[in-house]
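The values are calculated or read from the model by the stated rules, or taken from the named source; none is laboratory data. Nothing here was measured: the structure is a model prediction, and the numbers come from that model. To get the accessible areas, we keep the full protein, side chains included, count just its heavy atoms, and leave off ligands, DNA and RNA. Shrake-Rupley method; radii C 1.70, N 1.55, O 1.52, S 1.80 Å.
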Amino acid sequence: MTQQAKHNSGLRHARMRISSAVLMMRGADVWSTEIEDISATGVLVIRPDDWKGEVGDLYSLDMIVGEELNIHVEATLARVLEHSLGFAYARIPSEKEVPLWNLLGGYADKLEPFDK
């Protein structure tokens with residue numbers, strides 16, 4: 001099923017709730033915040049107080065999970081909410097794909113309904 005078909009059917013990749021640190025970088029700007037949830041296609045983070053940016057901006061995200069797992073991805077800002085920022089992965093380095101899928105476990109291939 002294509003991304004567009006999933007969207008039209010009211011399905012999205014399942015979100016896994018997780019509380020973990022993330023470093024967001026865009027140009028010379030850097031923000032430290034927390035992950036709210038993560039999926040196979042993106043991540044939702046708590047919006048930092050001093051954050052500035054626009055939908056479509058490209059960020060580098062360093063997600064630090066536990067003591068030993070650091071997943072670095074490039075992600076596009078997909079939505080801005082009052083207290084959260086939603087990112088869609090733009091590029092996952094090949095060496096980070098397996099650690100990300102292992103982190104997601106059963107959530108990697110699971111779909112869930114969402115409100116359009």
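Ranking TYR59, TYR89 by solvent-accessible area of protein heavy atoms (1.4 Å probe, all protein chains present), from largest to smallest, gives TYR89, TYR59. Of the whole protein surface, THR76 contributes about 50 Å² of accessible area at a 1.4 Å probe radius.
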